[in-house]
Structure formats: structure tokens, C-alpha cells
Amino acid sequence: MSDTYLVGYDGSKSAKRAVDFAAARANQAGATIHIVNILEWSPYSFYSAEELAQRKKARTNEVKRAREVVDPVVAELVGRGLTVTSDVQHGHPAELLCKIASQVDATQIVIGRSGDGVLAQRLLGSLAISLAQVAPVPLTIVP
């Protein structure tokens, strides 16, 4: 059984650094990379039938746009000889990353530190803080 590294990816520079970090480790270990893009989406609202139809269309469009972000990175890594899978889901990022980590039997979660500005470099993002508290497997936060 090989290791699986779960990587949270949103197209940002810090997320790309997380992918590159995981790819280097996966290459050395013969591990699989599972790239996940989580689209924040609250299920807790009341909507009319028309609003529900619009919401469903919006969700479909968001998944399509997220695939346009994730698929090129997957193709790049596959082109480098790595085994890569991916997923796009709606929900709370920390909760879903933990759930997916269990589903794919991940041995590690890798995320990028949020933001590239001076203040952001001094602080961790809310996802990193949440995952540091609840992650079911070791968490690597890439600067």
C-alpha cells in the first residue's frame, strides 16, 4: 500500500507551492497525490423554487470553473509520472478535507499558507488553524 497525500488546491500561489511540495515528496516515496478543491457553500438557507434552480445552476458553474483550475495541475503532475486523483466538492473546507482524508486513506494533508502579502506571511489562514486542530492525519502547511 502506498501513501496518499491529500492536497488542498485553490489555484493560489501558496496552493501551488503546496502541490509542488507534495509532488516532490510523492516522487520520492512513490505516493499518490489526491488534489481537492473545496468550494465553500452553506446548505443552511431557505430558498424559493426559483432560487433553488438558480442555486443549482450556480453550483454547476462553480464546479466547472474549479475543474478548470484543478485539471491543468493534475495533467502537469501526471506528465511528470506521478499518480494523481482529484475531487471538487462544495462545503466547509476543513470539515471536507478531514472527511476526504479518511475516505482516500490519506497519510498526510498538505495545504498552502493563506495569502502572499506581508501581513498574511505573519499569520496563518483560518483553514490552516482549523485543520491544525482537527486533522485526522499529519498536516503540512507550506509557506
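The values are calculated or read from the model by the stated rules, or taken from the named source; none is laboratory data. Given the structure is predicted, the values throughout are model-derived calculations rather than measurements. Positions of Cβ are generated from backbone atoms using ideal geometry, with glycine treated the same way; all protein chains shown enter the neighbour counts. Surface accessibility is based on the protein's heavy atoms, side chains included, excluding ligands, DNA and RNA. Shrake-Rupley method; radii C 1.70, N 1.55, O 1.52, S 1.80 Å.
Solvent-accessible area of T107, probe 1.4 Å, all protein chains present, reported in Å² to the nearest ten, please.
50 Å²
Quick one: pull the percent of accessible area on the chain belonging to carbon and sulfur, 1.4 Å probe, ligands and nucleic acids left out. List each step's numbers first, then the result.
Values: 4350 of 8210 Å².
Accessible surface attributable to carbon and sulfur in the chain totals 53 percent.
With every protein chain left in place, what is the accessible area per residue of the chain in square angstrom, probe 1.4 Å? Don't jump to the answer; show the numbers that get you there.
Working: 8210 Å² over 143 residues.
Roughly 57 Å² per residue, with all protein chains present.
Please list 19-26, 31-38, 134-141 highest first by mean number of surrounding beta-carbon atoms within 10 Å per residue.
Values: 19-26: 19.6, 31-38: 22.9, 134-141: 15.4.
Ranked by mean Cβ neighbours within 10 Å, highest first: 31-38, 19-26, 134-141.
In the P(r) worked out for the chain, what percent of Cα pairs fall beyond 18 Å?
On the way: 5789 of 10153 pairs.
Percentage above 18 Å: 57.
About the Cα centre of the chain, how large is the charge dipole given +1 on each Lys and Arg Cβ and -1 on each Asp and Glu Cβ? Please answer in debye to the nearest 20. Could the numbers behind the result be given before it?
On the way: 15 positive and 14 negative charges, 42 e Å.
Around 200 debye, computed over the chain.
Show the residues, 5+ positions off or on another chain, whose built amide H is closer than 5 Å to the amide H of T140.
Amide H neighbours of T140: I109, V110, I111.
Could you tell me which GluC sites (Glu not before Pro) in the stretch 1-95 are loop residues by DSSP with no more than 13 other beta carbons within 10 angstrom of their beta carbon? Walk me through the numbers on the way to the answer.
Numbers: sites: E40, E50, E51, E62, E68, E76, E95; in loops: E40.
Answer in residue order: E40.
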